[in-house]
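Below is one structure, written out as structure tokens; comments come after it.
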Amino acid sequence: KNGFISAASLTLGESCGMLSPEHRFFYGNLKNPDFPCESDSYYFDEDFLFKNSRLTAQGTLRIILENFETDLTALSVAVLGYGRCGKAICSLLSLCGCNVTSFSRRDESVAEALHNGISAEKLEKINDTLHRYDVTVNTIPSHILGGCLVDLTEENTYIEIASKPYGFDSGKSSRYRFRYISAESLPGRFTPLSAGINIAETVMKKE
């Protein structure tokens, strides 16, 4: 984040300077990595992604519990995206009694959500309905939200768990009235032991 490795005072460039050709470097979700040694990503392992999504869902639930004093059954939640994280979040929040609706770009994702017992709509409908939800959880790393954000008030909470460039330009969040919660890297934030074990087990499979 900001050029520094999480939980360390080293920049990625400084850490690369410590590597030599005989090292092997494992990394997460990086685009166009360039290391001076053999390198491999643990991030795209399917088992890792499944477990990571489950931890992300648990972290999302924890944020909601920390920010609302109401019964979960009284909350309406819009989950943008029905990929791995979106599915896990919809499933967990629904089990906890939240009134969850999934919004997806693909017809297949809408159909899958409905098959799984989740209320679902096409993403294009979000502009007319977003203000109706107490909580919006975005999992799509793309600027999918625009003018509808001005309709949100202090009664609406937006939780951003997607990576950059996020669901909208977060640098402009102060222009809006809704409560904005940046929530990247939830597995490491709330369940660091399980997140670390997940990484370690994935790396060990590559040895």
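The values are calculated or read from the model by the stated rules, or taken from the named source; none is laboratory data. Just so it is clear, the model here is predicted, and its values are computed rather than measured. A quick note on method: Cβ atoms are made from the backbone with ideal geometry, for glycine too, and the neighbour counts reach across all protein chains shown. Surface areas here come from the heavy atoms of the whole protein model, side chains and all, with no ligands, DNA or RNA. Shrake-Rupley method; radii C 1.70, N 1.55, O 1.52, S 1.80 Å.
Tabulated values for the structure
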read-out: Residues that are closer than 24 Å to Y82 by Cα and without any contact (Cβ under 8 Å) to a residue 24 or more places away in the chain, drawn from region 174-203; value: Y180, S182
read-out: Extreme residue, modelled with the highest pLDDT, among residues of region 118-150 that are surrounded by fewer than 20 Cβ atoms within 10 Å (Cβ to Cβ) and of a type in the set (S, T, N, Q); value: S119
read-out: Only one of K206, K122 that is basic (K, R) and touching a residue at least 24 places away in the same chain (Cβ under 8 Å); value: K206
read-out: Some residue of region 15-29 being at pLDDT 95 or above, polar (S, T, N, Q) and either open to solvent by 60 Å² or more (accessible area, probe 1.4 Å) or in a helix (DSSP H, G or I) (or both); value: no
read-out: Yes/no for Y158 being touching a helix residue (DSSP H, G or I) at 6+ places or on another chain (Cβ under 9 Å), within 17 Å of V79 (Cβ to Cβ) and of a type in the set (S, T, Y); value: yes
read-out: Per-region count, region 151-207, residues open to solvent by 60 Å² or more (accessible area, probe 1.4 Å), β-branched (V, I, T) and part of a loop (DSSP other than H, G, I, E, B); value: 0
